[in-house]
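Nothing in this text is a laboratory measurement; each read-out follows from the coordinates by a stated rule. All values reported here derive from a predicted model rather than from experimental measurement. Note that each Cβ is placed from the backbone with ideal geometry, even for glycine, and that neighbours are counted across all protein chains shown.
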Amino acid sequence: MSLKNKLDLWLPRLVLSPSLLAVLIAVYLFIVWTAWISLSSSQMVPKFDFVGLEQYVRLWSTPRWHTAVANLFIFTTLFLAITISLGLFLAILLDQKVRAEGFLRAVYLYPMALSFIVTGTAWKWILNPTLGLQKVVNELGWTGFVFDWITQPSFAIYCVVIAAVWQSTGFAMAIFLAGLRAIDTSIIKAAQIEGASLPRIYVSVIVPMLRPAFLSVIVLLSYISIKSFDLVLALTNAGPGSATEMPSTFMFAATFRRNQMGVGAASAIMMLMTVAAIIVPYLYSELREDRNAH
Amino acid sequence: MHTEARSARRSNQIGRLFIYGSLIALAAFYLMPLWVMIVTSLKSLDEIYGGSFIGVPQAITFEAWNKAWQEACIGTACTGLRPYFINSILMVVPAVILSTGIGAINGYILTKWRFTGANAIFGLLLFGCFLPFQAVILPMAQVLGRLHLSGTIPGLVLVHTVYGISFTTLFFRNYFITIPDELTRAAQIDGAGFFRIFFSVMLPTALPIIVVSCIWQFTQIWNDFLFGVSFTAGQSSPITVALNNIVNVTMGRKQYNVDMAAAMIAAIPTLFVYVVAGRYFVRGLTAGAVKG
């Protein structure tokens, strides 16, 4: 083998190695680092001692963390259910050969281009009970209409849901629409000849065929909801009180505001494990299918 | 038979009415916040407190935009958003170029120079797309401190480049896998080496995915808040952090028009990219979900 060929054999690995090294450090080594901190007695500065699961015990005996976990559960359930139904509904409607489809699609999708901070700022203003939407409806004649959820501790989390749904529906729609467009239209025609109505065809034939799209949407939206941080901060700042605390805002406050680095790290590891439980099987199945296809 | 056809046509008309009615109503819902942001930003504060919310401004004024851009206070510095807008540009441009370039060459290696373990490496990189960053901000803050990069724009460029590699590699890998191997093999027989094939065979075919990658990275990095708020303070913050500070000021009469103008200023760059290149934006969005 000539020198040039040998070089060509090793060059690719050599060029790839800095990226690999960067990811190994910045993702995997850092995760280990955080996990270690979560097992240490660190508070203001990192300490590398070992106290077992003490920080996790502290974490799970913090009422704020319980609020955060409960909120994540409520938020994820509603956010997924509404975003998926609305996104699928829009995708099916857009798939009926409508006019101005491109324009409508762009309208439903543009919120995805915005920062969650912008979305939070806008919705905070819209949901303002004295000057916002409530006032508009009151002036239209419905004077008893009250929409002050953002100031109510037990309802504020639904405001976060509304804003998050507004931002993410376009994403679900885009994936469902791509799925619908990949379905052979002759199936629909055949079912129509058999005498089935269009809504029926969708419910019993088309939607079941969208399984891969459903899987993708569910996984990616769950990921968005677990890590959602900016939206909560901009919209409610985790309040009123700590009513809209989420694991992400809890982690940030514990680590950077309350000098509880160990507890913060423990909460980060809890978040990571939740994401990994959803993402790793998904990636594994995607990669395996990929390999079979080639 | 005749009446049957007529009733079928009528039910079809009702169906169309339902479709267009729903589409238009939902379009109004999605456009409403943007409309509210724009009209609020163009009103005077008196008009807003006088009770005008969704209506067109009585007298259009750009005062709020002017304030948001160069007078509003972020912490104790009343400089407006301008310096932070510049910070974001200084952060986003190098980070987009670096992460896209690195992703391109990685994708090329992982598809055209396959070696044992390449798939495992790809899997390792891929998990980085779905990393909850909370799990790494603590050590990252420490490392940036050691490198004397904490609170600086180059520090943010480094962070965004490293965590962008996963996504850009995914884009290019899924794109290059569709390019026939014969192309690179023929170039190899002609005596072209590793870099020559990359620059003169692969890159010229990759224009669409380069656009997708740049747009995706631009949107992600411009809109980032977590890294910005964790690793910078005061004057070195990106625009999202500055916007959040403006909005959360609690002193005095709340200037909703300035808040909305500031939100618009932070939103304009990504909205502009979306309007100009929406098609590529959608491709980036679905790339994580639909494999190439």
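Here are some notes:
- Kirkwood-based shape ratio for segment A:53-137, expressed as Rg/Rh from alpha carbons: 1.15
- Per-pair calculated FRET efficiency, R0 = 41 Å: A:Asp184 and B:Ile89 via Cβ, rounded to 0.05: 0.30
- Peptides B:7-18, A:181-192, A:275-286, B:230-241 ranked from most to least packed, by the mean per-residue count of other Cβ atoms within 10 Å: B:230-241, A:275-286, A:181-192, B:7-18.
- A:Phe103-A:Met273 pseudo-label distance in nm [points 7 Å out on the Cα-to-Cβ vector]: 5.3
- Whichever lysines have a C-alpha closer than 17 Å to that of A:Lys124, once near sequence neighbours (fewer than 8 apart) are set aside: A:Lys135, B:Lys254
- Computed from label points 7 Å out along Cα-Cβ, the spacing between A:Ser204 and B:Gln188 is 5.4 nm.
- When B:Trp35, A:Trp60, B:Trp65 are sorted by how many other C-beta atoms sit within 10 angstrom of their C-beta, beginning with the fewest, the order is B:Trp35, A:Trp60, B:Trp65.
- Legend: ranking of residues A:Asp8, A:Asp49, B:Asp224 from fewest to most surrounding C-beta atoms inside 10 Å; resulting order A:Asp49, A:Asp8, B:Asp224.
- Inter-probe distance in nm under a simple model that places probes 7 Å from Cα toward Cβ, at B:Ala28 and A:Thr77: 3.2
- Inter-part distance where segment A:112-176 and segment B:100-122 are each reduced to a Cα centre, Å: 44
- Förster radius 51 Å - calculated FRET efficiency between A:Leu20 and B:Val276, Cβ distance, rounded to 0.05: 0.90
- For segment A:30-86 versus segment B:194-268, the inter-centroid distance based on Cα atoms is 27 Å.
- Using distinct alpha-carbon pairs, which all enter the 1/r mean, Kirkwood radius of the protein assembly as shown in Å: 25.9
- Among A:Trp125, A:Trp10, B:Trp69, sorting on how many other beta-carbon atoms sit within 10 Å of each Cβ, with the fewest leading, yields A:Trp10, B:Trp69, A:Trp125.
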